1. Of the residues that sit in segment 71-113 and are within 20 Å of the chain's Cα centre (by Cα) and of a type in the set (K, R), which one is farthest from D169 (Cα to Cα)?
2. What number of residues within segment 140-171 are over 22 Å from P49 (Cβ atoms), in contact with a helix residue (DSSP H, G or I) (Cβ under 7 Å, 6 or more places away or on another chain) and surrounded by 17 or more Cβ atoms within 10 Å (Cβ to Cβ)?
3. Being more than 11 Å from the chain's Cα centre (by Cα) and of a type in the set (D, E, K, R) narrows it down to one of D152, D193, so name that one.
4. Is it the case, given these coordinates, that K85 is among the charged types (D, E, K, R), out of contact with any Phe, Trp or Tyr (no Cβ under 6 Å at 6 or more places or on another chain) and surrounded by 23 or more Cβ atoms within 10 Å (Cβ to Cβ)?
5. I need the full set of residues from segment 106-134 which are in contact (Cβ under 8 Å) with a residue 60 or more places away in the chain and farther than 17 Å from A62 by Cβ, in order please.
Amino acid sequence: MKGQNAWLVLGLIALVIAFKACDREPGQQTQQQARDERAVSQIDEELAPQKAVEAREGLAAAIAIDVSGSMDEEVDGRDGRKEPKIDIARRAALDLVEQFARYARDHQNEPVLLGVYEFSRRRGEPDCRPVVPMGPPDRERAASAIARLDADGGTPIGQAMITAKRALDDTGLTRRHLLVVTDGENTDGASPDQVARAIGKRPDAERPSIYFVAFDIEASRFSRVRDAGGLVLSAANATELNSTLDALLRGNILVEK
């Protein structure tokens, strides 16, 4: 009987908790939700352009590549052989530059700017660093810089998005795209979904299209980025990464006006 009474008491407590949760007013926020909203508001202020730039027609893209320590892990690479993800990312980045350069050559009357950035948490370094500063796409100029990408440190995805968004703002170009390639969840600083939500609060002219490629990680880990308006895709190996990036460029980024 004592055991039955104990289970009865526990059951009543659970029901009370459930009823309290149901009785919460729709507008009433949990403490976590309130903290998230404060963080988004702070990021929104941080995202405001630091200088006035005259708007002009054209295409600008910022590609942020994860170079955290986990990018040294191996997945299926070329010909099915295992190779570090950072090696696959280097080739993919260089191919992206080549495709942008080809588009620029075919559309010489349209300004086309591209910046490639690496991100990781490392002592004494910014979380997000330019590999190829924003400018006209040039494969030869980019090749040596991209070849030096190495894997080490944590994964500050949100900060990479902030840095990339600011670089896009400085171009003044009207068609803006922010592409993130990452193999892990955020470990440092603002979360990517908070940054995506903050970008959504900015004026229309400032908002880049946001794309996430989840490389060797489930795309569902970034469902909140998707809910905030980003397009989230997955790639498990070298072949899938290349095909996913190609599809993004041809279907979303390098498209005719």
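The values are calculated or read from the model by the stated rules, or taken from the named source; none is laboratory data. Predicted model, so just to flag it, every value in this text is computed and none were measured. Please note: Cβ atoms are built from the backbone with ideal geometry, for glycine as well, and neighbour counts cover all protein chains shown.
1. Across segment 71-113, the extreme among qualifying residues is K85.
2. Within segment 140-171, residues that are over 22 Å from P49 (Cβ atoms), in contact with a helix residue (DSSP H, G or I) (Cβ under 7 Å, 6 or more places away or on another chain) and surrounded by 17 or more Cβ atoms within 10 Å (Cβ to Cβ) number 5.
3. Every option except D152 fails the conditions.
4. Working: among the charged types (D, E, K, R): yes; out of contact with any Phe, Trp or Tyr (no Cβ under 6 Å at 6 or more places or on another chain): yes; surrounded by 23 or more Cβ atoms within 10 Å (Cβ to Cβ): yes.
The answer is yes for K85.
5. Of everything in segment 106-134, those that are in contact (Cβ under 8 Å) with a residue 60 or more places away in the chain and farther than 17 Å from A62 by Cβ turn out to be E110, R121.
Okay, residues lined up against (1) at pLDDT 55 or above; (2) surrounded by 14 or more Cβ atoms within 10 Å (Cβ to Cβ); (3) under 30 Å from R250 (Cβ atoms); (4) in contact with a strand residue (DSSP E or B) (Cβ under 9 Å, 6 or more places away or on another chain):
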{"site": "G11", "(1), (2), (3), (4)": "yes, no, no, no"}
{"site": "L15", "(1), (2), (3), (4)": "no, no, no, no"}
{"site": "Q29", "(1), (2), (3), (4)": "yes, no, no, no"}
{"site": "R35", "(1), (2), (3), (4)": "yes, no, no, no"}
{"site": "Q42", "(1), (2), (3), (4)": "yes, no, no, no"}
{"site": "S68", "(1), (2), (3), (4)": "yes, yes, yes, yes"}
{"site": "G77", "(1), (2), (3), (4)": "yes, yes, yes, yes"}
